[in-house]
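Working notes for the structure below.
The values are calculated or read from the model by the stated rules, or taken from the named source; none is laboratory data. Here the structure is a predicted model, which means the values were calculated and not measured. Note: ideal-geometry Cβ built from the backbone for every residue, glycine included; neighbour counts use all protein chains shown. Keep in mind that these areas ignore ligands, DNA and RNA; they rest on the heavy atoms of the full protein, side chains included. Shrake-Rupley method; radii C 1.70, N 1.55, O 1.52, S 1.80 Å.
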Amino acid sequence: MTVVHLLRHGEVDNPTGVLYGRLPGYHLSGLGRRMAETVAKAVAGRDIVAVLSSPMERAQETAAPSARMLGLEIGLDDRLTEAANVFEGLRVGGGGPLFRDPRRYRHFMNPFRPSWGEPYVEVVARMKSVIDDARGQARGHEALLVSHQLPIWVTRLAAEGRRLWHDPRRRQCELASLTSFTFEGDRLVSVGYSEPAGALVRGTPPQGEAAMFEETG
């Protein structure tokens, strides 16, 4: 049995409320660092032999306490990075200002792809690739991979045979949550979900792409 855990990063310091996406310079907030430390305590006793992270600062900072607790080095992997989004750098949330500018309507024409960012099928392909590599590296043990909400969520949807297009506000992938894939040999046998930092997460506003759709519809 091999388990690959996908850990979403903790809360980001984003006082201006922009969609940071792949932009550099976005670090964990004080609360986000507490989330990362809480996760580290939760996984300390697990048989984790590899820790990989998205190259984004917030992901590396989330991975650091767990790697330190487990006595492992962090391997960076671009395949774990955030999904590309045409709205990077724009303010989001607060009643959906993105939807009020007619010049941006073309980016919402196809939610199935989606037309505002990296195609879901491409995100799943790169995530599946890194999960397969991590599974090989940790065979018979566990691996911890730190990534972002959208990549983790669509990977779970694909693994469970569900459609990839979805309402970003309804993802079950909270800050600092674990989505765990258990394999028997090369066969996926279960997908689990847990929120080791759930007590810290409650009441935090949406972050990332999900904030695009806050208070709309």
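Only one of (1) touching a residue at least 60 places away in the same chain (Cβ under 8 Å); (2) surrounded by fewer than 15 Cβ atoms within 10 Å (Cβ to Cβ); (3) not small (G, A, S) fails for D132. Which number is that?
(1)
Could you list, ordered by first residue, the pairs with Cβ atoms under 6 Å in which the first is in region 49-77 and open to solvent by 30 Å² or more (accessible area, probe 1.4 Å) and the second is part of a strand (DSSP E or B), at least 6 apart or interchain?
Note: pairs meeting the criteria are P55/L76; Q60/S53; E61/L28; L70/I48; L72/V51; I74/V51; I74/S53; L76/S53.
Looking at region 135-149 only, could you name the residues that are open to solvent by 10 Å² or more (accessible area, probe 1.4 Å) and closer than 30 Å to P205 by Cβ?
So in region 135-149, the residues open to solvent by 10 Å² or more (accessible area, probe 1.4 Å) come out as 135-137, 139-142, 149.
Of everything in region 135-149, just one residue is open to solvent by 10 Å² or more (accessible area, probe 1.4 Å) and closer than 30 Å to P205 by Cβ, namely Q149.
Among the residues of region 88-103, are any more than 16 Å from A210 (Cβ to Cβ), in contact (Cβ under 8 Å) with a residue 12 or more places away in the chain and loosely packed, with under 15 Cβ neighbours inside 10 Å?
Filtering region 88-103 down to residues more than 16 Å from A210 (Cβ to Cβ) leaves 89, 100-103.
Of the ones still in play, those that are also in contact (Cβ under 8 Å) with a residue 12 or more places away in the chain are 89.
Checking which are loosely packed, with under 15 Cβ neighbours inside 10 Å leaves us with 89.
Within region 88-103, one or more residues are more than 16 Å from A210 (Cβ to Cβ), in contact (Cβ under 8 Å) with a residue 12 or more places away in the chain and loosely packed, with under 15 Cβ neighbours inside 10 Å.
Select from region 158-184 the residues that are in contact (Cβ under 8 Å) with a residue 12 or more places away in the chain, loosely packed, with under 15 Cβ neighbours inside 10 Å and in a loop (DSSP other than H, G, I, E, B) and list them in ascending order.
Across region 158-184, the qualifying residues are E160, W165, D167, Q172.
Does region 44-99 hold any residues that are in contact with a Lys or Arg (Cβ under 9 Å, 6 or more places away or on another chain), β-branched (V, I, T) and either assigned to a helix (DSSP H, G or I) or modelled with pLDDT of 95 or more (or both), and which are they?
T62, T81
Based on what the data block shows, is R58 out of contact with any Cys (no Cβ under 8 Å at 6 or more places or on another chain), closer than 19 Å to C173 by Cα and of a type in the set (D, E, K, R)?
Details: out of contact with any Cys (no Cβ under 8 Å at 6 or more places or on another chain): yes; closer than 19 Å to C173 by Cα: yes; of a type in the set (D, E, K, R): yes.
Yes: the conditions hold for R58.
When you go through (1) hydrophobic (A, V, I, L, M, F, W, C); (2) more than 30 Å from F183 (Cα to Cα); (3) modelled with pLDDT of 95 or more one by one for L19, which number turns out not to apply?
(3)
Is it true that A211 is surrounded by 13 or more Cβ atoms within 10 Å (Cβ to Cβ) and in a loop (DSSP other than H, G, I, E, B)?
Numbers: surrounded by 13 or more Cβ atoms within 10 Å (Cβ to Cβ): yes; in a loop (DSSP other than H, G, I, E, B): no.
It is false that A211 is surrounded by 13 or more Cβ atoms within 10 Å (Cβ to Cβ) and in a loop (DSSP other than H, G, I, E, B).
I'm told V201 meets every condition in (1) within 21 Å of A67 (Cβ to Cβ); (2) open to solvent by less than 50 Å² (accessible area, probe 1.4 Å) except one. Can you identify the failing condition by its number?
Going through the list (1) within 21 Å of A67 (Cβ to Cβ); (2) open to solvent by less than 50 Å² (accessible area, probe 1.4 Å), V201 breaks only (1).
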